[in-house]
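Shown next, in C-alpha cells, is the structure this report addresses.
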Amino acid sequence: MTSIDFYFNADDRLQVACRLAGKAYAQKKKLLIFAPAPETARRIDNLLWTWQQLSFIPHCLASDPVAAKTPVLITTESADPPECDVLLNLADECPPFFERYERLLEIVGQDDAGRSLGRGRFKFYKERGYAIGTHDLAARN
C-alpha cells in the first residue's frame, strides 16, 4: 500500500517541492513531480535549476528522451505516468494514479484555499484506509 506523507504550513509549496526532490535524489529514489498546471510545471522546472547554488538535482520532463535515465521527472499528464519510486503531487486534487507508487508526498500551503484543498485530499486518502504521516513545516522555523 502506498505510504503517504503530508507536509503542511508550507510558506512556498514549490520551495518545499525542491527540498523534497533533493532528499529523494540523495536517497537514490526516482521521483515524479505531478504538476498538471503547465505554469506550475514550468516554475518547478526553473526552480530546480537554481534551487541551491552548490548542488544540482538532475531533472527533466517525463516526455524528454532522457527521462528513463533521469532521477527527477516532471509531468503535466495523468495518462500513463512513468514508473518511479515516489510521487510528489502539486495538483489541487488527488492524482488518479497515486497507488502505483510506493510513496506519495503532498504539500499544503498556509493560505485558506490551499488548506481546504489539502484537507480534502487528506480525507480522501484517510477514508480509503491509507496511513498518513504529517509534518508541520511551521514547527521547523
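The values are calculated or read from the model by the stated rules, or taken from the named source; none is laboratory data. Treat the numbers as computed from the prediction; the structure is a model and nothing was measured. Glycine also receives a Cβ, built like all others from the backbone with ideal geometry; neighbour counts cover every protein chain displayed. Heads up: the accessible areas ignore ligands, DNA and RNA and are worked out on the full protein's heavy atoms, side chains in. Shrake-Rupley method; radii C 1.70, N 1.55, O 1.52, S 1.80 Å.
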- prompt: Are any of the residues in region 52-60 of a type in the set (V, I, T), surrounded by 14 or more Cβ atoms within 10 Å (Cβ to Cβ) and at pLDDT 95 or above?
  reply: no
- prompt: Quick check, is V72 in contact with a helix residue (DSSP H, G or I) (Cβ under 9 Å, 6 or more places away or on another chain) and closer than 15 Å to D5 by Cβ?
  reply: no
- prompt: So I74 clears everything in (1) more than 15 Å from L20 (Cβ to Cβ); (2) in contact (Cβ under 8 Å) with a residue 12 or more places away in the chain except one condition, right? Which one?
  reply: (1)
message: So if I check each of A10, A41, which one is within 22 Å of A139 (Cβ to Cβ) and open to solvent by less than 20 Å² (accessible area, probe 1.4 Å)?
response: A10
- prompt: If a residue has to be in contact (Cβ under 8 Å) with a residue 12 or more places away in the chain, open to solvent by 30 Å² or more (accessible area, probe 1.4 Å) and outside any helix (DSSP H, G or I) to count, how many in region 95-128 make the cut?
  reply: 4
message: One residue is enough: does region 61-73 have a residue meeting the conditions β-branched (V, I, T) and open to solvent by 70 Å² or more (accessible area, probe 1.4 Å)?
response: yes
- prompt: under 13 Å from the mean Cα position of the chain (by Cα), surrounded by 12 or more Cβ atoms within 10 Å (Cβ to Cβ) and more than 20 Å from L137 (Cα to Cα), is that true of F34?
  reply: yes
message: Between S55, S78, S63, which is of a type in the set (S, T, Y), under 25 Å from R115 (Cβ atoms) and out of contact with any His (no Cβ under 9 Å at 6 or more places or on another chain)?
response: S78
